[in-house]
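Colleague: Here's a structure for you.
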Amino acid sequence: MSSPVLLAEHLSKRFDNGVLAVDDVSLTVYPGETVGIVGESGCGKSTTGKLVLRLLETDSGYVAFDGQNLATHSGQSLRDIRGKLQLVPQNPQTSLNPRLSITEAIAFNLRTHGWAKRDIAPRAASLLDMVGVPASYAHRYPHELSGGQLQRVAIARALSTDPKLIVCDEAVSALDKSVQAQVLNLLVELQNELGIAYLFISHDLGVVEHLSHRVMVMYLGRIVEESTATDLWQNPSHPYTVALFSSVPGPGRERIVLSGELPSPASPPSGCGFRTRCPIAIDECAATRPDPVTVSEGDHHQAACIRVEERVPVAAAMAALA
Amino acid sequence: MTTTTHLPAPTDVRHSSRLDPGGSPSTPDTPGPAEGTLVVEDLHVTFRAKHRSVEAVRGISFTVTAGKTLVLLGESGSGKSVSARSILRLYSSAVEVTGRATLGGVELFGLPEREMQSLRGQAIALVPQDASGTLDPLRRIGSQITEVLRRHAVVSSRKEARQRAEELLAQVGIADPRRAVRSYPHELSGGMRQRALIAIAIACSPRVLIADEPTTALDVTIQAQILELFASLQDSLGMGLLLVTHDVGVARQIAHRVAVMYAGLLVEEGTGAAVLDHPAHPYTAGLLRAVPTHDTPRGFLHAIPGKPPAAGETVADACAFAPRCAFAVDSCRTEQPELVLVGSEHRAACPVVDGEVPPDGTPAPATGLEAP
């Protein structure tokens, strides 16, 4: 296998208010691959994205992009790396400058990354064409475009510097479903053509499962389970993943409604963060913080749960209790 | 999951004397078979501004049967929230609402404002989407619940009101209601705030509850809890529920009946199973297929081309979906289709598709259909 485009090891982030938003997260993204991070609000998925982009500094560990440790770069050399490491944020209405036409917004990115003046206009035009925005829109302003069109512009802007990896942070969540499907198809098409890798962060399990090759499930700052998308769907092993997946309609799935609320990340439970809502928790879960255990070797399927380690059939046990 | 549209309300035991408004002359308690049923007919809602007016709802009819859930499904701008809120008459006089909405035989649009006030919260109540924007940040949860109880005089003393507030919070699944009544909204999580809003809405045991995207701001595990709560409240209180959502998954989980809105009109209506498993309108079929399922090959999501029209962009004498529709023929651009029966209790407004939309979502070839 080729070398990873992104290797992040043991990332942690504690904010000034004491909240440990990200707790020892490691992830690897290979070229042309989509890695999804799914989790509920406050689980640390967006903070993980910001650590990867070095929009936030990590407290521990490191981020290596294309073999280079981001922390050792600054100024122009960091900017050069960032050209290859782009972001599509959630809300294009607020992430695109309302005073710049969409062509100017793309040109701005190109200028920042040192493109020659004469190349900028044709490049912007071809990017808009690539993402399916009609040429007649080129000089329009963000308020004149629909949400779906704006998200296409945000993608075009991210593509402008030939990135190897795009972090998509809830990139389609604000769109209506019928339009969301268009943008998801566009992302796959661009990946097939250009070989870009995505780190796709979303709360929407169905979308993550559809788009990703690998999926990581986060809960209270930690990765509780990861595997290939297909394997995780067929064989969810962590109790949280089982409950989460039960909310997506599918054949033979028992709906499992968790009791209780997401604990505050400012005062997480001892031991396993999920134990307060876990229907199959035992006393030991409060005592030890579970380490990831291998569920299946081939898919590199891991789950951080002592019940999984004990070989308890988690999904069946939870369905029996529901 | 078969329901009859005009199912007589079950004998109603929940309006005990304790919950009666106290003999007010405007009491809407007209006993009868249709007591808890909300019937909306030919609803039009028009927003008027100085230079233009926008017709957000263009004539829709539906029935919310007592004890059953009708899901109003649609995307942003389809007019679903406007429809729901206009029934409660929450808009100012600048918004023109016409048609009829009757609850238990009482015509809501004809009532003087005073009488409407006594009905709101009492016979028909709203659960809005955004709990943080709806609760008063400066008042404790308890006082926001007792306000409704005292206003509608369903309690006779402060003490009783307080006790009832605690009962209501326990009923909506708040673990420590004692503490919750003394809390300010910011001290509660999003899910707890949404539960508090539901407690306020059911405080007077309304006959119909209107919930406008009640779970959209919540995480999926919390959403599952809230939807389960709605179902159990419905069982225990026998109320009718009109739930507005853009989320097909929510509809699948809770609907007895589903009405699909597009550009201010209903395009399809029927039982949950009929509409969601055997859609008869190309828009419904497209919407269902746009949501990824595990079987969808990566990158081949069925997207509906184009975008939904903004309110006011629609043409009166045409099917509003025609520009995005693979089935459209010439007549779709010159005539507005009516809802017609396509199956048992299942209506759709598409004269081209006969019965169910084919599973691949495209017209069968060589039937003289024009290419889109």
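The values are calculated or read from the model by the stated rules, or taken from the named source; none is laboratory data. Bear in mind the structure is a predicted one, so any value in this text is a computation, not a measurement. Heads up, the Cβs are rebuilt from the backbone with ideal geometry, glycines too, and the neighbour counts pull from every protein chain shown.
Colleague: For region A:182-200, name all the residues that are assigned to a strand (DSSP E or B) and either among the small types (Gly, Ala, Ser) or farther than 16 Å from residue A:163 by Cβ (or both).
Modeller: Passing the criteria: only A:197.
Colleague: Give all pairs with beta carbons closer than 9 Å in which a residue from region B:292-310 that is at the interface with another protein chain (Cβ under 7 Å from one of its Cβ atoms) meets a residue that is aromatic (Phe, Trp, Tyr); count only pairs at least 6 apart in sequence or on separate chains.
Modeller: As it stands, the answer is B:294/A:233; B:304/B:283; B:304/B:321; B:308/B:262; B:308/B:321, since those pairs meet every condition given.
Colleague: Looking at A:286, A:266, A:243, which one is in a helix (DSSP H, G or I), within 14 Å of another protein chain (Cβ to nearest Cβ) and either surrounded by fewer than 23 Cβ atoms within 10 Å (Cβ to Cβ) or at pLDDT below 95 (or both)?
Modeller: A:243
Colleague: Go over the candidates A:208, A:217, A:224, A:172 one by one and state the one that is part of a helix (DSSP H, G or I) and β-branched (Val, Ile, Thr).
Modeller: Sole residue among the options that is part of a helix (DSSP H, G or I) and β-branched (Val, Ile, Thr): A:208.
Colleague: While we're looking at this one, here's another question. When the residues of region B:64-109 are narrowed to those that are of a type in the set (D, E, K, R) and not in a loop (DSSP other than H, G, I, E, B), which ends up nearest to residue B:272 (Cα to Cα)?
Modeller: The extreme case among them is B:80.
Colleague: For region A:220-239, give me the residue count where each residue is modelled with pLDDT of 95 or more and either within 10 Å of another protein chain (Cβ to nearest Cβ) or closer than 12 Å to residue A:35 by Cβ (or both).
Modeller: Number of matching residues: 4.
Colleague: Continuing with the same structure: Does region B:337-347 contain at least one residue that is within 12 Å of chain A (Cβ to nearest Cβ), assigned to a loop (DSSP other than H, G, I, E, B) and more than 22 Å from the chain's Cα centre (by Cα)?
Modeller: No; the residues of region B:337-347 include none that is within 12 Å of chain A (Cβ to nearest Cβ), assigned to a loop (DSSP other than H, G, I, E, B) and more than 22 Å from the chain's Cα centre (by Cα).
Colleague: Could I ask something else about it? Taking interchain pairs and intrachain pairs at least six residues apart, which have beta carbon atoms under 8 angstrom, with the first residue in region A:68-88 and over 11 Å from residue A:158 (Cβ atoms) and the second among the polar types (S, T, N, Q) and part of a helix (DSSP H, G or I)?
Modeller: A:79/A:112
Colleague: Right, here's the next one. May I ask you to list the residues in region A:65-117 that are among the charged types (D, E, K, R) and either part of a helix (DSSP H, G or I) or farther than 28 Å from residue A:202 by Cα (or both)?
Modeller: Selection gives A:79, A:80, A:82, A:99, A:104, A:111, A:117.
Colleague: Collect the residues in region B:272-285 that are closer than 27 Å to residue A:230 by Cα and surrounded by fewer than 24 Cβ atoms within 10 Å (Cβ to Cβ), keeping them in residue-number order.
Modeller: The answer is B:276, B:277.
Colleague: Also, quick follow-up: Could we say that residue B:48 is among the basic types (Lys, Arg), over 29 Å from residue B:96 (Cβ atoms), at pLDDT below 95 and exposed (fewer than 14 other Cβ atoms within 10 Å of the Cβ) here?
Modeller: no
Colleague: Name the pairs: first residue in region B:186-202 and within 13 Å of another protein chain (Cβ to nearest Cβ), second residue surrounded by 22 or more Cβ atoms within 10 Å (Cβ to Cβ) and of a type in the set (Gly, Ala, Ser), Cβ to Cβ under 6 Å, at least 6 apart or on different chains?
Modeller: So the pair list comes out as B:193/B:131; B:194/B:131.
Colleague: Across region A:193-211, what is the total count of residues that are at the interface with chain B (Cβ under 7 Å from one of its Cβ atoms) and farther than 21 Å from residue A:245 by Cα?
Modeller: Residues that pass the stated criteria total 0.
Colleague: Run down A:46, A:3 and say which single residue is of a type outside the set (A, V, I, L, M) and closer than 26 Å to residue A:303 by Cβ.
Modeller: A:46
Colleague: For region A:164-186, how many residues are surrounded by 20 or more Cβ atoms within 10 Å (Cβ to Cβ) and away from every other protein chain (no Cβ under 12 Å)?
Modeller: 7
Colleague: Among the numbered criteria (1) basic (Lys, Arg); (2) touching a residue at least 60 places away in the same chain (Cβ under 8 Å); (3) more than 14 Å from every other protein chain (Cβ to nearest Cβ), which single criterion is violated by residue A:275?
Modeller: (2)
Colleague: Among A:157, A:152, A:123, which is touching a residue at least 24 places away in the same chain (Cβ under 8 Å) and closer than 14 Å to residue A:84 by Cα?
Modeller: So the residue among A:157, A:152, A:123 that is touching a residue at least 24 places away in the same chain (Cβ under 8 Å) and closer than 14 Å to residue A:84 by Cα is A:157.
Colleague: What are the residue pairs meeting all of these: first residue in region A:293-316, first residue more than 17 Å from residue A:218 (Cα to Cα), second residue basic (Lys, Arg), Cβ atoms under 7 Å, and 6 or more apart or on different chains?
Modeller: Partner pairs satisfying both residue conditions: A:314/A:307.
Colleague: Among the residues of region B:233-246, is any within 13 Å of another protein chain (Cβ to nearest Cβ) and closer than 27 Å to residue B:44 by Cβ?
Modeller: Yes, region B:233-246 contains at least one residue that is within 13 Å of another protein chain (Cβ to nearest Cβ) and closer than 27 Å to residue B:44 by Cβ.
Colleague: Check residue B:176 against each of (1) within 14 Å of another protein chain (Cβ to nearest Cβ); (2) farther than 22 Å from residue B:68 by Cα; (3) surrounded by 23 or more Cβ atoms within 10 Å (Cβ to Cβ) and name the one condition it does not meet.
Modeller: (3)
Colleague: What number of residues in region A:1-32 are farther than 24 Å from residue A:261 by Cα, modelled with pLDDT of 95 or more and surrounded by fewer than 21 Cβ atoms within 10 Å (Cβ to Cβ)?
Modeller: Total meeting the criteria: 10.
Colleague: Further question: Could you count how many residues in region A:27-40 are away from chain B (no Cβ under 14 Å) and over 13 Å from the mean Cα position of the chain (by Cα)?
Modeller: Total satisfying the criteria: 2.
Colleague: Can you tell me which residue in region B:258-291 is farthest from the other protein chains (Cβ to nearest Cβ), limited to those that are of a type in the set (Ser, Thr, Tyr) and touching a Lys or Arg at 6+ places or on another chain (Cβ under 9 Å)?
Modeller: Among residues in region B:258-291 that are of a type in the set (Ser, Thr, Tyr) and touching a Lys or Arg at 6+ places or on another chain (Cβ under 9 Å), the one farthest from the other protein chains (Cβ to nearest Cβ) is B:271.
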